[in-house]
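Here's the structure, in structure tokens; my notes come after.
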Amino acid sequence: MAIDPTLRDALSAVTLASLGKALERAGLRDFAPAGLRGSQSTTIVGPAHTMRMVPARGEGVGDLASAIESVPEGAVVVIDAAGTGRPLPFGAIVAGRLASKGVLALVTDASIAESLALPAWTAPGAAAGGLTLAGSWQAVTCGGAAIHPGDIVVCGPDGIVAIPPEKAEQIALEAVEQQRLDLWLQREAEKGESLYGLLPPDPTTLARFEAETGEG
């Protein structure tokens, strides 16, 4: 599940907005969990290790211990809580054990009231009711986004995106170029250029960008 360091650096260096535009151009949708609050000011990149929880009807929490112990070092744990916002069972204890295993972050649409030992993106509030483990290492829905085991998850101050690993290099390259273009367009606007032709950039603007930046 290790991510190439060069790819990790590239994904960490671009904005979530640039990654989102690149993912949309690749025809991908529903890649960004919504409504989650993050506790980290820097960007974290890691492969998704998924779990799925459903509302408990009175039963226990399932074999949560085995599921947590199976998570490898360097993963981003993504827990689908069925969009309920219910509290993650033993949230602080689970997070503490994940941190000790070298897990990079926790992403879940469950809520967690306690402060945690690792970076986390969680649902606000604490809806009533419990959750029970229903499965691990399967495609899940978290915050309305589809996340598959092994997806490369990029967690930043402005949100989260999940990238299919087979497309990650392409998306990273396109996002880097998108960010360079966006920064150039911003500078042009700050210099007083009319937005006509800048938003969106027309062929003349793109040709000028390529000439001025040496891109072609």
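The values are calculated or read from the model by the stated rules, or taken from the named source; none is laboratory data. The shown structure was predicted, so the numbers you read here are calculated from the model rather than taken from an experiment. So basically every Cβ, Gly included, is an ideal-geometry build from the backbone, and we count neighbours across all protein chains shown.
Here the condition is being assigned by TED's automatic domain parsing to the domain that holds residue 63, surrounded by fewer than 19 Cβ atoms within 10 Å (Cβ to Cβ) and touching a helix residue (DSSP H, G or I) at 6+ places or on another chain (Cβ under 6 Å); of 128, 117, 113, it holds for 117 alone. Taking the range 156-192, which residues are among the small types (Gly, Ala, Ser) and surrounded by fewer than 18 Cβ atoms within 10 Å (Cβ to Cβ)? Scanning the range 156-192 gives 189, 192. Surrounded by 15 or more Cβ atoms within 10 Å (Cβ to Cβ), in contact with a helix residue (DSSP H, G or I) (Cβ under 8 Å, 6 or more places away or on another chain) and in contact (Cβ under 8 Å) with a residue 60 or more places away in the chain: is that true of residue 28 in this structure? Against the criterion (surrounded by 15 or more Cβ atoms within 10 Å (Cβ to Cβ), in contact with a helix residue (DSSP H, G or I) (Cβ under 8 Å, 6 or more places away or on another chain) and in contact (Cβ under 8 Å) with a residue 60 or more places away in the chain), residue 28 qualifies. Filtering 141, 205 for residues that are of a type in the set (Ser, Thr, Tyr), at pLDDT 95 or above and either in contact with a strand residue (DSSP E or B) (Cβ under 6 Å, 6 or more places away or on another chain) or surrounded by 13 or more Cβ atoms within 10 Å (Cβ to Cβ) (or both) leaves a single hit, 141. Scanning the range 134-154 for residues that are at negative phi and not small (Gly, Ala, Ser) gives 138, 140, 141, 142, 147, 148, 149, 151, 152, 153, 154.
Can you say whether residue 73 is more than 12 Å from the chain's Cα centre (by Cα), acidic (Asp, Glu), exposed (fewer than 13 other Cβ atoms within 10 Å of the Cβ) and under 19 Å from residue 130 (Cα atoms), as far as the supplied structure shows? Spelling it out, it is not the case that residue 73 is more than 12 Å from the chain's Cα centre (by Cα), acidic (Asp, Glu), exposed (fewer than 13 other Cβ atoms within 10 Å of the Cβ) and under 19 Å from residue 130 (Cα atoms).
Please verify whether the range 101-121 includes one or more residues that are aromatic (Phe, Trp, Tyr) and touching a strand residue (DSSP E or B) at 6+ places or on another chain (Cβ under 6 Å). Yes, there is a match, as at least one residue in the range 101-121 is aromatic (Phe, Trp, Tyr) and touching a strand residue (DSSP E or B) at 6+ places or on another chain (Cβ under 6 Å). Scanning the range 80-107 for residues that are farther than 22 Å from residue 58 by Cα, of a type in the set (Gly, Ala, Ser) and either outside any helix (DSSP H, G or I) or touching a Phe, Trp or Tyr at 6+ places or on another chain (Cβ under 9 Å) (or both) yields a count of 2. Among the residues of the range 35-69, those that are small (Gly, Ala, Ser), touching a strand residue (DSSP E or B) at 6+ places or on another chain (Cβ under 7 Å) and in a loop (DSSP other than H, G, I, E, B) comprise 35, 39, 56, 60, 62. Only a single criterion out of (1) at pLDDT 95 or above; (2) at positive phi; (3) small (Gly, Ala, Ser) is not satisfied by residue 100, namely (2).
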